[in-house]
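Student: I'd like to ask some things about the structure below.
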Amino acid sequence: QGPLQVSAALREGRVGAVELCQRCLARVRDTGFLNAYISVAEDAARRQAEEAEKRYRRGQPLGVLDGIPVAVKDNFNTAGVETTCASNMLKGYISPYNATVVQKLLDQGAVLLGKTNLDEFAMGSGSTDGVFGPVRNPWSYSRQYKEKNPSKSHSENEDSEWVITGGSSGGSAAAVSSFTCFAALGSDTGGSTRNPAAHCGVVGLKPTYGLISRHGLIPLVNSMDVPGILTRCVDDAAVVLGLLAGHDPKDSTTIQDTFKPFELPDSIDIRKLCIGIPKEYHVPGLSSEIQTLWSKAADLFKDAGAKVIEVSLPHTPYSIVCYHVLCTAEVASNMARFDGLEYGHRADMKQSTESMYATTRREGFNDVVRGRILSGNYFLLKENYDNYFVKAQKVRRLIANDFVKVFGSGVDILLTPTTLSDAAPYVEFIKEDNRTRSAQDDILTQAANMAGLPAVSVPAALSKRGLPLGLQFIGHSFQEKQLLTVAKWFEKQVKFPVIQLEDVKRHDCSVFQHQKSVSSL
C-alpha cells in the first residue's frame, strides 16, 4: 500500500501513526542485512509519530503524508541526524539545518525513519562504493529470484548470489522495495534515482531541473543534480512531487512560478498520444530481454491507439563522454570545500597547512572520488579548458537541442530502457572499476539530466532470473503531469508483481554493525 491508502487508514482510525512507525522500525531491524540504512532515527521517528497521532485524534492531519514513514538518502542535510554521504570525510557530521525537501516532508508530518546508504558522495551506479559497505537488493531474497536460481549449496553460495541495487540511491530504492518505508528521497545526477528504481522494482522519478529545490542536497554536479522520488507506485510519486515542488528562495535555480499539485486521472485517451522511440538507444550491451520488453511496451501503446514512431537524437553517442567531462569538472570544484578546516574529517598532520589539506583529502575520500577530482582538475587546466570543458558545454547544448527538436515535432513522450540488463550479482559487478561501470550504466539515463528533462522509471516485468526490469519515460520540460499520467497507464497495463520476500529474520544482521540509532532530530 502507498501513502494514499495508508493516509486513509490513519484518518479512519484503522491504524495508528505510532503503531505504523513501530512496524516500519521493526521492519528496518529485520532487514538490516540489506544495509539499506546508514542511520536510523528511532526516538525522533517515534516522537514525530506520536505528534501525528495526536493530530489525527483531533481530526486535523497536516496532509496526506502526516504520520507516513519515509527515508532520505544520506546526502541530504538533516538537522540532528548525521549526514555522511557514505564517506569518511563526513563521518560524524551533523548539519545545523534541514535540506528544503526534508523540511517540506517534516512540515507535512512525514515521519523520518533514517538516512539511506549510497555510493560515496553519490559517485557510482551500484551503491557498492560507500564506506559503510554495499547495499543488497531485496529481490535477492525474494521467492521469485530463489525459484529461478536454486542455491547450489545453502550455506556457501547464498552469500555470494545476492545482486546489487544499482545506484547511487540504492539504499532508498531498497528501503522502499523491502517495505520499510512508503516513500524515499534519492538524488539524480546521471540516473542515480532511476537506475536503482529499475533494479529494485520501484518507481523512480527524476523531476525537471529546477522544479524541486536542491538547497541542502550536498552537491555533486550543480547543473544536473535533482532530488529524486522513489515510491512503490506512480500515484505516490505524484503525491510526493506535489508536496516538494515549487520555488525556494534558498535555491536560485528553482522555478519562479507557483506549482500546482495535481492528481493523476484514472483514465487517459492513449489515442491522442505520440510516443517516440529513440533509435540511438539501441546501444551495444543492451540485453535481449530488455530489447524484447521495450518492443512489447511500444506495441502495447500502438495496440491501444497511440501513434508510435522512431525518432532520432543524433548526438546521443557523444553524451556519455560529454557527461564525464562536465561531471568531473563540477565534482572537482564541489569537493574543494572538504579541506579539513570547517567541517568533517581533519587529518592529524601538523607540519603545514598544505600537508594537512593533502592528508585530510587522502584519508577522507575513496579512490573513486579522488579519481574524479583529478580528472576534473585536468579538464579545467588552462591549456585544456577550451578543448574539454568548453567543447563539452557546446555538445551538451546540442544534446538538449535534439530533445527540443523531437518534442517540437509533435512527440509527447519518449520511451526508452532504463538499464542495459537486470541487476548484476555483486561478485560480478565489482570485477569492473567504478568508472567503467558508471559509463555503461548511465548511458540510457544521463542525457535527460544534461537536458534537464523529467524522466521516470517504471517497473515493467521480471527477467528470466526473476529480477525486476524497468522502462523509462522522458517528458517535456515541466510536464510532469502528462509524463506521470502516461506512466500510470503503463503501470496499470503491465501489472508488475509484488515482491514476495522470504522470511527475512533468519538472515544475519550482525554483518553490518555500523548502523547507528540516533536519538534526536
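The values are calculated or read from the model by the stated rules, or taken from the named source; none is laboratory data. Everything numeric here is computed off the predicted structure, so don't read it as measured data. We place every Cβ from the backbone using ideal geometry, glycine too, and count neighbours over all the protein chains shown. Surface accessibility is based on the protein's heavy atoms, side chains included, excluding ligands, DNA and RNA. Shrake-Rupley method; radii C 1.70, N 1.55, O 1.52, S 1.80 Å.
Student: Only one of the values [x] 0.95; [y] 1.03; [z] 0.98 was calculated from this structure for Rg/Rh (Cα atoms, Kirkwood Rh); name its label.
Tutor: [x]
Student: Right, something else. Could you work out the equivalent-ellipsoid semi-axes for segment 359-452, taking the square root of 5 times each eigenvalue of the Cα gyration tensor, largest first, in whole Å?
Tutor: 30, 24, 9
Student: State in Å² the accessible area per residue of segment 13-167; use a 1.4 Å probe, count heavy atoms of protein chains only, and round to the nearest integer.
Tutor: Result: 33 Å² per residue.
Student: Ignoring any ligand, DNA or RNA, what whole percent of the accessible area of segment 382-461 comes from carbon and sulfur when the probe is 1.4 angstrom?
Tutor: It is 53 percent, rounded to a whole number.
Student: Tyr93's amide H: which non-local residues (gap 5+, or another chain) put their own amide H closer than 5 Å, with H modeled 1.01 Å from N in plane and none for Pro or chain starts?
Tutor: Distant-sequence amide H within range of Tyr93: Thr83.
Student: Hey, another quick one. With every protein chain in place, what's the accessible area of Val6 (1.4 Å probe, Å², nearest 10)?
Tutor: 10
Student: Can you give the charge dipole size of the chain about its Cα centre, rounded to the nearest 20 debye, using +1 on the beta carbon of Lys and Arg and -1 on the beta carbon of Asp and Glu?
Tutor: The calculated dipole for the chain is roughly 560 debye.
Student: Follow-up question, since we're still on this one. Given Lys206/Lys492; Lys431/Lys464; Lys250/Lys488; Lys272/Lys405; Lys73/Lys492; Lys146/Lys488, which pairs have Cα atoms separated by over 26 Å?
Tutor: Lys250/Lys488; Lys73/Lys492; Lys146/Lys488
Student: Right, next: Taking every alpha carbon pair in segment 234-278, what does the distance histogram look like in 10 angstrom bins from 0, in percent?
Tutor: 22, 32, 34, 12, 0
Student: Enter the accessible area per residue of segment 320-372 (Å², integer; probe 1.4 Å; all protein chains in place).
Tutor: Here the per-residue accessible area is 50 Å².
Student: Enumerate the aspartates and glutamates that Lys104 could reach by cross-link, defined here as Cα to Cα under 12 Å, with residues fewer than 8 away along the same chain left out.
Tutor: The qualifying aspartates and glutamates are Asp66, Asp248.
Student: Can you give the extra length, in nm with one decimal, that the chain gains between Lys394 and Gln1 once fully stretched, where that is 0.36 nm per residue apart less the Cα-Cα distance?
Tutor: Gain on stretching Lys394 to Gln1: 136.9 nm.
Student: Here is a follow-up. Can you check what the net charge comes to around Gln393, using other residues whose Cβ is under 13 Å from the Cβ of Gln393 (Lys, Arg +1; Asp, Glu -1)? Kindly include the intermediate steps, with their values, before the conclusion.
Tutor: Values: positive: Lys391, Lys394, Arg396, Arg397; negative: Glu330, Asp386.
Charge balance in the 13 Å sphere: +2.
Student: Could you point to the residue in Ser333, Asn195, Gly133 farthest towards the positive end of the chain's charge dipole, with +1 and -1 charges on the Cβ of Lys/Arg and Asp/Glu respectively?
Tutor: The Cα lying farthest towards the positive end belongs to Asn195.
Student: While we're here: Under a 1.4 angstrom probe, counting protein chains only, how are Tyr388, Tyr141 ranked by accessible area, largest first?
Tutor: Solvent-accessible surface, decreasing: Tyr388, Tyr141.
Student: Does segment 198-251 come out rounded, prolate or oblate, given a ≥ b ≥ c as the square roots of the eigenvalues of its C-alpha gyration tensor, rounded meaning a/c under 1.5 and, failing that, prolate meaning a/b above b/c?
Tutor: oblate
Student: Another question about this same structure. With a 1.4 Å probe and every protein chain left in place, work out the accessible area per residue of segment 454-496 in Å², rounded to a whole number. Please list the in-between numbers first.
Tutor: Details: 1310 Å² over 43 residues.
Accessible surface, normalised per residue, equals 30 Å².
Student: Let me have the relative contact order for segment 369-485, percent, based on Cα pairs under 8 Å that are six or more residues apart. Could you put the intermediate results ahead of the total?
Tutor: Numbers: 115 pairs, mean separation 31.0, N = 117.
This gives 27 percent for segment 369-485.
Student: How large a share of the accessible area of segment 183-308, in percent, is made up of carbon and sulfur atoms when the probe is 1.4 Å and the other protein chains stay in place?
Tutor: Carbon with sulfur: 51 percent of the solvent-accessible area.
Student: Sticking with this one: Give me log10 I(q)/I(0) at q = 0.21, 0.27, 0.28, 0.34 Å⁻¹ for segment 334-378, Debye formula, one equal scatterer per alpha-carbon, no solvent.
Tutor: -0.67, -1.00, -1.04, -1.24
Student: From the phi of every residue in segment 175-183, what ³J(HN,Hα) in whole Hz does the Karplus formula 6.51 cos²θ - 1.76 cosθ + 1.60 yield, where θ is phi - 60° and glycine or proline is x?
Tutor: Those phi angles translate into 4, 6, 5, 8, 6, 7, 8, 9, 7 Hz.
Student: Next up: What base-10 log of the normalised intensity I(q)/I(0) is obtained for segment 203-356 from the Debye formula, alpha carbons as equal point scatterers, at q = 0.10, 0.11, 0.17, 0.20 Å⁻¹?
Tutor: Log10 I(q)/I(0), no solvent term: -0.62, -0.73, -1.28, -1.33.
Student: Over segment 11-54, what percent of the accessible surface lies on carbon and sulfur atoms, probe 1.4 Å?
Tutor: The computed percentage sits at 44.
Student: Compute the Cα gyration tensor for segment 51-149, then decide on rounded, prolate or oblate, letting a ≥ b ≥ c be the square roots of its eigenvalues: rounded whenever a/c is under 1.5, prolate when a/b is larger than b/c in the other cases, and oblate in all that remain.
Tutor: Oblate is the answer for segment 51-149, as a/c is 1.5 or above yet b/c matches or exceeds a/b.
Student: Need one word for segment 446-485: rounded, prolate or oblate. Basis is the Cα gyration tensor (sqrt eigenvalues a ≥ b ≥ c); a/c below 1.5 gives rounded, then a/b vs b/c decides.
Tutor: It is oblate, given that a/c is not under 1.5 and a/b is not larger than b/c.
Student: Separate question: May I ask what percent, to the nearest 5, of DSSP beta bridges between residues of the chain are antiparallel?
Tutor: Looking only at bridges with both residues in the chain, the antiparallel portion is about 65 percent.
Student: Let's test this: bin the Cα-Cα distances of segment 10-51 at 5 Å from zero up to the farthest pair and state each bin's percent.
Tutor: In order of increasing distance, the bins hold 5, 22, 28, 20, 14, 8, 3 percent.
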